[in-house]
Amino acid sequence: MKKHPVELTVNGRPVSMTVEPRQSLADCLRGELGLTGSHLGCEHGVCGACTIIVDGDPVRGCLMLGVQAEGCDVQTIEGVSPRVGLSEIQAALREFHGLQCGFCTPGMVVVLHHLFSGNPQPSEAEIREAISGQLCRCTGYQGIVNAAKAVAARHQPKTV
Ligand code: FES
Ligand code: FES
């Protein structure tokens, strides 16, 4: 099948890839750019494991085609994680047992990163709303919510 050139920005860097029209953006990021942190579970837009941020909004990477990403600004789990160590959200997920197998975790981290970027002190309802499109088969969600609540509490202004 004929391949098409696509130019986009990924994690702050301009990149080009040459992709088939049938390839999802998640497949392109993983297969063409080697960014394998985004997981593919259902590939039908249900589980959220493939969630990335496109032009400022969380998007299912499996439901967007690579060719649709021309000119887009994409952030993946690699872009919201430090090169060394853990982000505040990742550290809290570890601390509060917000993961077991870890398959859903990249998508969870991406949506929580998006939430905290716009709202450093979200309520529990806002946290639950933010993760409501992410499926986790292991944790029962409570550890994830507790981790996010702990991050929100750490963002409270200090009183003297
Ligand atoms: S792999 Fe994209 S939503 Fe499940
Ligand atoms: S930690 Fe296993 S699916 Fe969420």
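Nothing in this text is a laboratory measurement; each read-out follows from the coordinates by a stated rule. In this text the structure is predicted, and so the values were computed from the model without any measurement. Neighbour counts run over all protein chains shown; Cβ positions are idealised from the backbone, glycine included.
Here are the numbers for this structure:
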{"read-out": "Gaussian network model of the chain, Cα within-10 Å springs - most flexible of 49, 26, 69", "value": "69"}
{"read-out": "HN-Hα J in Hz across segment 134-148 - Karplus 6.51, -1.76, 1.60, θ = phi - 60°, x for Gly and Pro", "value": "10, 8, 10, 8, 9, 8, x, 6, 5, x, 5, 5, 4, 5, 5"}
{"read-out": "Mean ellipticity per residue at 222 nm, deg cm²/dmol - from DSSP H runs of n ≥ 4 across the chain, formula -39500 (n - 2.57)", "value": "-8000 deg cm²/dmol"}
{"read-out": "Unit charges at the beta carbon, dipole of the chain: most positive-side option, 90, 52, 80", "value": "90"}
{"read-out": "Whole-Hz couplings from phi, Karplus 6.51/-1.76/1.60, listed for segment 15-24; x for Gly and Pro", "value": "9, 10, 9, 10, 10, 7, x, 7, 7, 6"}
{"read-out": "Förster radius 25 Å - calculated FRET efficiency between residue 119 and residue 44, Cβ distance, rounded to 0.05", "value": "0.30"}
{"read-out": "Qualifying lysines (Cα of each under 20 Å from Cα of residue 149; at least 8 residues distant if same chain)", "value": "158"}
{"read-out": "Cα shape, the chain, gyration tensor, a/c 1.5 rule", "value": "prolate"}
{"read-out": "Amide H contacts under 5 Å for residue 65, placed H, 5+ residues apart", "value": "25"}
